[in-house]
Amino acid sequence: MSVVVQPLPEINPLQDSLRFDRRVPPCAIVIFGANGDLTKRKLIPALYRLFYERRISENFAVIGNSRTAMSDDQFRDRMKESVSKFLEDAPFDEDLWRSFAQSLFYVPGNVNDDALFENLGSKLRQLETSHQTAGNTLFYLSTQPSYYAEVVQHIGAHKLNRTKGWCRVIIEKPFGHDLASARKLNDDIHQVLDEPSIYRIDHYLGKETVQNILAFRFGNGIFEPLWNRRYINHVQITAAESIGVEGRGGYYQEAGALRDMIQNHLSQVMATVTMEPPAVFDANAVRDERAKLLRAVRVMKHEDVPNNAVPGQYGPANVGGQNIPGFRQEEGVDPNAQTDTYAAVTYFIDNWRWAGVPFYIRSGKRMPKRVTDIAIQFTAPPLSLFKQETKAGLLSPRPNLLILRIQPEEGISLRFLSKSPGSGMRLRPVSMDFNYGSSFGERTPTAYETLLLDAMIGDPTLYTRQDMVEASWQVVQPILDVWGVTKFDFPNYPAGSWGPKAADEMLARRGHAWRNA
Amino acid sequence: MSTSVIFPAQPEQILKGLSRLWTSFGQEEKQQGKPTVLRACAMTLIVATDETDNGFESSQVLSELMHEHPSRGIVLSVNEQVEGGLEARIVAQCWKPFGKAQQICCEQIEITATRKNWPTIIPTIIGITVADLPVVLWCRQAESFSPNCSNELRSSLESLMNLAHKTIVDSRAEPPSLAFGTLTAWKAQGRLVGDLEWARLTPWRQPISQIFDNPARENRFSSFTDIEVAYAGDTPSPSVVYMAAWLSAPNGARISLVRARGFGQGLQRVRLHSQSEDITMERISDDTVHLYSTNGRERTYNLPELSLHSLMDEELAVLGPDPTFDAAFARAKELAS
């Protein structure tokens, strides 16, 4: 399989790559599920923001689709309301909106109805002339996952992928609900599209701070020599949310934390932290290394699951004077649901660099705070020369800790020991901080701005590939198998806590502890 | 938040003052038991200004710029009344990102001197630039464009430019021939020069350029043989000439500069003419431009007057050679002469 990012032909003598943004080719974007939350909250605000910053081509158009009957103007009005409500860090400008709205269109219809695709084809041909979209089409599948294969089949049947320009399809998560369904979905989609045309979105990879992990590791010479089993004791990856299911109880009880976070986002983050350096920085080379890493993650035997994977579900609690319902009391949730609102796993990567180093990954809802970070704990010095003394007595040795903070305080901290001023050799931990937002000050583009632009440009570096998706399903599949036939005594952690005791015990068995448990 | 200390302008004393300043922040952190301040520095940014209020505006711009370009800022200003002919003040410019507990702080050194004492500042500057990081000079001395520039100033500026990786000026208020003459002389000495008047054009240039990004477009840029650039005011400003130069540099299209009524001074309209199509970008209010073509496409852009902060932000992001500017500059020189 080979993916080549095609640069635009050098036809424009006015280009100024130092001062202008990346060149984005003209295109039409077709959004299936345009009446949904994602379109309103993320996609259209991201496109408006790109337009505001003059980062998208003058020749672009958006066609929204859903079952709801609407005219172009009604669609524009709805989107205007959403953009003015959900736009972050930018003023809403009426004049600009009018200009932007001229490129918004709406085609109603059911995704299993041939007539919809006839109409879409006709609209796309019309836009090719009126908006000079050059026949380039980006389809965005934001529908229910069960429709993905059908939509793609219709795109193929109506030859919407056979225009004179390019055709790319962005597919939202979840990509399958287990290994078998992911493989089936891949097979179905490949009947119409070749792999380079498929852009499976994982918005975590679009986050600036996740991309910065690559810059941190491969743009600096001082960290890479330490980045291996000799110097790293273990790694903790945490994605905690303080909120609950926020009205998505129905969806969430079918998914759970393992499927919703660990199988996709956090596995990709782990792969970014642990992959080998690519020979060159291009889409294929980077994704090859990520895929290779994911294939090296040890797949647990069923009997190993209880010791290496812990599910949790939050129960009711009073947090700061507020009564928080348990998961089973949330609207739309089965009162006997066995859903994991928390999952913690221990992974091992069976390659030369990482053999024997545990990777602890956890994600949960209703935790004490919202935080996503990666903590890399280095091995302690072989000999402890200095006593870390306090009035209370001797401190246990504190190993160096490198923390890559994804959100909310994006940045990097290195914790090390330093001599306290004064006589005697007393040490205390200090922290050297790099704060991403503060150091650059500039507004950080949202993940969807980054990923939409990349798809328009044809750069799939931050999108996941078939082999990556299947490899990460392969790793979680034994856990899903075991959890699927086990009846857990839920709830096993109160809302506002750091998860079940069993997760602490999972680390304690190897002499480790969660950083903030 | 800022803290200031007055010192004679000796490098060692300034550096000691800086050290004390950061130590005091450290003590504050100790009292609060958590990190409260983050020191940030990515370059030395020297501002040589003829402002008479101790470089107040320049200091303001530096404090805004530290968000994107944290630096050790050095503001040199003229004050004939300063006691002893030379003094320095140290300030920590701090800001707290929204919702964050920790402040980000950059150091700023304000040096005030009588005109006569300017040459004596140079050894001080050499002593206080941050090692191993780029040095940028922002020259805000209007006199620097003048053929009658005093010897003290000329020599001081040359010494500062020798220290700097890049020198940034703003030619806006100068006649183009005079501005381009001075910049030509500096460039001939191998100096890297940026002009804020060029940065003012980026929001105009990008949408025009994007039109020709479309590989399917039949009417290529080379078919536009006539270019009209309209300006308000008595004479075209350097940015008007830059615009004409940029558009005519690739193919040598015919250029006409015309006066027009408009919104404020300077660039008002750009029109590209070919046999089959006219493309016009035109200011339609103080902060909006309209781009339209005879083929029916039109689009409106938000284009407010860019602040000094925005312009400097762009120039500081280009610290190496800038081939597009160089090509436009070479053509602008021809057009202005």
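With respect to being outside any helix (DSSP H, G or I) and modelled with pLDDT of 95 or more, residue A:138 fits the description. Residues of the range B:258-280 that are open to solvent by less than 70 Å² (accessible area, probe 1.4 Å) and either not charged (D, E, K, R) or not assigned by TED's automatic domain parsing to the domain that holds residue B:212 (or both): B:258, B:260, B:262, B:264, B:266, B:267, B:268, B:270, B:272, B:274, B:279, B:280.
The set of residues in the range B:13-59 being of a type outside the set (A, V, I, L, M, F, W, C), touching a Ser or Thr at 6+ places or on another chain (Cβ under 7 Å), open to solvent by less than 20 Å² (accessible area, probe 1.4 Å) and part of a helix (DSSP H, G or I) consists of B:58 alone. Consider residue B:238 against the criteria (1) in contact (Cβ under 8 Å) with a residue 60 or more places away in the chain; (2) not assigned by TED's automatic domain parsing to the domain that holds residue B:277: it satisfies all of them except one. Which criterion is unmet? Residue B:238 satisfies all of (1) in contact (Cβ under 8 Å) with a residue 60 or more places away in the chain; (2) not assigned by TED's automatic domain parsing to the domain that holds residue B:277 except (2).
If you check A:162, A:76, A:54, which single one turns out to be charged (D, E, K, R), assigned to a loop (DSSP other than H, G, I, E, B) and surrounded by 19 or more Cβ atoms within 10 Å (Cβ to Cβ)?
Numbers: A:162 fails: surrounded by 19 or more Cβ atoms within 10 Å (Cβ to Cβ); A:76 fails: assigned to a loop (DSSP other than H, G, I, E, B).
None of the other options fit; the residue is A:54.
Is there a residue in the range B:232-240 that is within 14 Å of another protein chain (Cβ to nearest Cβ), surrounded by fewer than 23 Cβ atoms within 10 Å (Cβ to Cβ) and within 19 Å of residue B:329 (Cα to Cα)? No; the residues of the range B:232-240 include none that is within 14 Å of another protein chain (Cβ to nearest Cβ), surrounded by fewer than 23 Cβ atoms within 10 Å (Cβ to Cβ) and within 19 Å of residue B:329 (Cα to Cα). If I filter the range A:68-96 down to residues being of a type in the set (A, V, I, L, M) and within 14 Å of another protein chain (Cβ to nearest Cβ), which single residue comes out as farthest from residue B:284 (Cα to Cα)? So, considering only residues that are of a type in the set (A, V, I, L, M) and within 14 Å of another protein chain (Cβ to nearest Cβ), the one farthest from residue B:284 (Cα to Cα) is A:87. Scan the range A:456-467 and tell me whether some residue there is surrounded by fewer than 19 Cβ atoms within 10 Å (Cβ to Cβ), at pLDDT 90 or above and either at the interface with another protein chain (Cβ under 10 Å from one of its Cβ atoms) or more than 25 Å from residue A:39 (Cα to Cα) (or both). Yes, some residue in the range A:456-467 is surrounded by fewer than 19 Cβ atoms within 10 Å (Cβ to Cβ), at pLDDT 90 or above and either at the interface with another protein chain (Cβ under 10 Å from one of its Cβ atoms) or more than 25 Å from residue A:39 (Cα to Cα) (or both). Residues in the range B:39-51: is at least one closer than 20 Å to residue B:319 by Cα, of a type in the set (Val, Ile, Thr), more than 14 Å from chain A (Cβ to nearest Cβ) and out of contact with any helix residue (DSSP H, G or I) (no Cβ under 7 Å at 6 or more places or on another chain)? Within the range B:39-51 (the criterion being closer than 20 Å to residue B:319 by Cα, of a type in the set (Val, Ile, Thr), more than 14 Å from chain A (Cβ to nearest Cβ) and out of contact with any helix residue (DSSP H, G or I) (no Cβ under 7 Å at 6 or more places or on another chain)), the answer is yes, since at least one residue qualifies. Among the residues of the range B:293-313, the one identified as farther than 30 Å from residue B:66 by Cα and either within 26 Å of the chain's Cα centre (by Cα) or away from chain A (no Cβ under 11 Å) (or both) is B:294.
Check the range A:137-147 and report whether any residue there is within 14 Å of another protein chain (Cβ to nearest Cβ) and open to solvent by 70 Å² or more (accessible area, probe 1.4 Å). Checked the range A:137-147: no residue is within 14 Å of another protein chain (Cβ to nearest Cβ) and open to solvent by 70 Å² or more (accessible area, probe 1.4 Å).
Scanning the range A:209-230 for residues that are assigned to a loop (DSSP other than H, G, I, E, B) and open to solvent by 40 Å² or more (accessible area, probe 1.4 Å) yields a total of 7.
Considering only residues of the range A:270-288 that are small (Gly, Ala, Ser) and free of Cβ contacts under 8 Å to residues at least 12 places away in the same chain, which is least open to solvent (accessible area, probe 1.4 Å)?
A:285
Among the listed residues B:25, B:7, which satisfies the condition of being modelled with pLDDT under 80, touching a Gly at 6+ places or on another chain (Cβ under 9 Å) and either at negative phi or away from every other protein chain (no Cβ under 14 Å) (or both)? After ruling out the rest, the residue left standing is B:7. If the condition is being open to solvent by 30 Å² or more (accessible area, probe 1.4 Å) and in a helix (DSSP H, G or I), then the range B:295-323 contributes B:308, B:309, B:310, B:313, B:314, B:323.
With the condition kept exactly as written, say whether any residue in the range A:463-482 is closer than 22 Å to residue A:371 by Cβ and in a helix (DSSP H, G or I). Give the derivation first.
In the first step, residues of the range A:463-482 are kept if they are closer than 22 Å to residue A:371 by Cβ; the result is none.
Taking every residue of the range A:463-482 in turn, none turns out to be closer than 22 Å to residue A:371 by Cβ and in a helix (DSSP H, G or I).
Note on the range A:289-315: residues that are in a helix (DSSP H, G or I) and open to solvent by 70 Å² or more (accessible area, probe 1.4 Å) total 6. Criterion applied to A:195, A:208 was being of a type in the set (D, E, K, R) and more than 25 Å from residue A:444 (Cβ to Cβ), and the one residue passing it is A:195.
With the range B:170-224 as the region, which helices (runs of 4 or more DSSP H) entirely inside it contain at least 2 residues that are more than 9 Å from chain A (Cβ to nearest Cβ) and touching a helix residue (DSSP H, G or I) at 6+ places or on another chain (Cβ under 6 Å)? Break it down stepwise before answering.
Working: elements: B:176-188, B:196-199, B:202-211.
Counting at least 2 such residues, we get B:176-188, B:196-199.
Scanning the range A:124-141 for residues that are β-branched (Val, Ile, Thr) and touching a residue at least 12 places away in the same chain (Cβ under 8 Å) turns up A:133, A:137.
Please pick out the residue among B:212, B:180 that is of a type outside the set (S, T, N, Q), free of Cβ contacts under 8 Å to residues at least 12 places away in the same chain and crowded, with 16+ Cβ neighbours inside 10 Å. Let's see the steps before the verdict.
Details: B:180 fails: free of Cβ contacts under 8 Å to residues at least 12 places away in the same chain.
Only one candidate qualifies: B:212.
Is it the case that residue B:286 is under 17 Å from the mean Cα position of the chain (by Cα) and not assigned by TED's automatic domain parsing to the domain that holds residue B:133? Spell out how you get there, then give the answer.
Working: under 17 Å from the mean Cα position of the chain (by Cα): no; not assigned by TED's automatic domain parsing to the domain that holds residue B:133: yes.
In short, no.
Filtered by the rule that a residue be touching a residue at least 12 places away in the same chain (Cβ under 8 Å), open to solvent by 10 Å² or more (accessible area, probe 1.4 Å) and not in a loop (DSSP other than H, G, I, E, B), the range A:231-262 gives A:233, A:250, A:253, A:254, A:255, A:259, A:260, A:261. Counting only strands (runs of 3 or more DSSP E) that sit wholly inside the range B:60-143, those with at least 1 residues that are within 14 Å of chain A (Cβ to nearest Cβ), within 24 Å of residue B:316 (Cβ to Cβ) and open to solvent by 20 Å² or more (accessible area, probe 1.4 Å) are B:86-95, B:103-113.
The values are calculated or read from the model by the stated rules, or taken from the named source; none is laboratory data. Since this is a predicted model, take the numbers as computed values, not measurements. Glycine also receives a Cβ, built like all others from the backbone with ideal geometry; neighbour counts cover every protein chain displayed. Protein only, heavy atoms only, side chains kept; ligands, DNA and RNA dropped before computing areas. Shrake-Rupley method; radii C 1.70, N 1.55, O 1.52, S 1.80 Å.
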